[in-house]
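Have a look at this one.
The values are calculated or read from the model by the stated rules, or taken from the named source; none is laboratory data. All values derive from a computational prediction rather than experimental measurement. Ideal geometry is used to build each Cβ from the backbone, glycine not excepted, and the neighbour counts take in all protein chains shown.
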Amino acid sequence: MTTTELTNADFTTRDDPFSLFGEWLAEAGKSEVNDPNATALATAGPDGLPDVRMVLLKDFDERGFVFYTNFESQKGEEILANMQAAMCFHWKSLRRQVRVRGPVSVVSDAEADAYFSSRPRVSRIGAWASKQSRPLESRFALEKEVARYTAKHAIGQVPRPPHWSGFRIAPVYIEFWKDGAFRLHDRVVFARENAEDAWSKTRLYP
């Protein structure tokens with residue numbers, strides 16, 4: 001069965017949330033105009049006030065959902081202080097969304113190095129030049145930092161900054177939502193206490 005043949009009844013009877021997510025993401029890749037891997041990332045500050053912003057999912061498997069960032073950024077500091085986060089994917093073209101919640105871990109150096117080396121060279125320079133989330137006096141100041149690090153790394157590979165790496169959310173909650181007529185949506189939740197446990201599945205009222 002292809003992803004385009006999945007009906008509401010089909011997806012609500014599925015037992016593996018990761019394979020279902022992979023199918024939905026692949027289908028979104030064919031229908032979304034920009035960034036089908038974009039997701040809203042929610043964290044909380046030290047005062048408990050929630051914070052949210054869009055990031056790009058760069059990898060996922062049964063271990064969890066991976067994105068990369070500057071650890072000295074606002075989201076980086078909030079996650080390192082709490083090590084819990086949530087994501088929400090919304091694919092308007094498909095009228096679907098997926099919510100993910102769980103504890104967070106830092107990816108291995110090997111994973112971070114491999115992804116960093118795959119980025120365009122200018123993006124790797126930018127990771128050094130940008131003091132992400134901190135005050136910037138002018139656009140010129142940023143461009144000057146880009147020029148400085150471009151000169152510094154003019155020859156050879158651009159190494160990964162020590163403050164730049166990835167986070168993995170190991171989900172304990174994954175909810176699949178599909179739009180239904182007259183707001184009678186289909187919702188299915190996969191939940192578990194921790195990443196080692198088996199999933200329980202519950203269908204929710206819309």
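Determine, yes or no, whether Phe71 is modelled with pLDDT of 95 or more, closer than 20 Å to Arg96 by Cβ and either in contact with a helix residue (DSSP H, G or I) (Cβ under 6 Å, 6 or more places away or on another chain) or crowded, with 17+ Cβ neighbours inside 10 Å (or both).
no
Criterion first (in contact (Cβ under 8 Å) with a residue 24 or more places away in the chain and either aliphatic (A, V, I, L, M) or in a strand (DSSP E or B) (or both)) does Phe116 satisfy it?
It is false that Phe116 is in contact (Cβ under 8 Å) with a residue 24 or more places away in the chain and either aliphatic (A, V, I, L, M) or in a strand (DSSP E or B) (or both).
Has the stretch 86-107 got any residue that is in contact with a Leu (Cβ under 6 Å, 6 or more places away or on another chain), in contact (Cβ under 8 Å) with a residue 60 or more places away in the chain and not polar (S, T, N, Q)? Quick ask: steps written out before the conclusion?
Filtering the stretch 86-107 for residues in contact with a Leu (Cβ under 6 Å, 6 or more places away or on another chain) gives 87.
Adding the requirement that they be in contact (Cβ under 8 Å) with a residue 60 or more places away in the chain leaves 87.
This time we only want the ones that are not polar (S, T, N, Q), so: 87.
The answer is yes, given that some residue of the stretch 86-107 is in contact with a Leu (Cβ under 6 Å, 6 or more places away or on another chain), in contact (Cβ under 8 Å) with a residue 60 or more places away in the chain and not polar (S, T, N, Q).
Residue by residue through the stretch 151-163, note down the ones that are out of contact with any Lys or Arg (no Cβ under 9 Å at 6 or more places or on another chain) and either of a type in the set (A, V, I, L, M, F, W, C) or not in a loop (DSSP other than H, G, I, E, B) (or both).
Ala151, Lys152, Ala154, Ile155
If I ask for residues that are more than 19 Å from Ala85 (Cα to Cα), part of a strand (DSSP E or B) and touching a residue at least 24 places away in the same chain (Cβ under 8 Å), which ones from the stretch 173-205 would you list?
Hits for the stretch 173-205 are Trp177, Lys178, Asp186, Val188, Lys201, Arg203, Leu204.
For the stretch 89-113, which positions are outside any loop (DSSP other than H, G, I, E, B), more than 14 Å from Ala38 (Cα to Cα) and either more than 16 Å from the chain's Cα centre (by Cα) or not β-branched (Val, Ile, Thr) (or both)?
Matches in the stretch 89-113: Arg101, Gly102, Pro103, Ser105, Asp109, Ala110, Glu111, Ala112, Asp113.
For the stretch 146-187, how many residues are over 21 Å from Tyr68 (Cα atoms) and either of a type in the set (D, E, K, R) or crowded, with 17+ Cβ neighbours inside 10 Å (or both)?
Matching residues across the stretch 146-187 total 11.
Shifting gears a bit: Looking at the stretch 162-171, is at least one residue more than 29 Å from Trp24 (Cβ to Cβ), modelled with pLDDT of 95 or more, of a type outside the set (A, V, I, L, M) and more than 18 Å from the chain's Cα centre (by Cα)?
Within the stretch 162-171, one or more residues are more than 29 Å from Trp24 (Cβ to Cβ), modelled with pLDDT of 95 or more, of a type outside the set (A, V, I, L, M) and more than 18 Å from the chain's Cα centre (by Cα).
Evaluate the following for Leu142: is it of a type outside the set (Asp, Glu), more than 26 Å from Gly45 (Cα to Cα), surrounded by fewer than 18 Cβ atoms within 10 Å (Cβ to Cβ) and more than 21 Å from the chain's Cα centre (by Cα)?
yes
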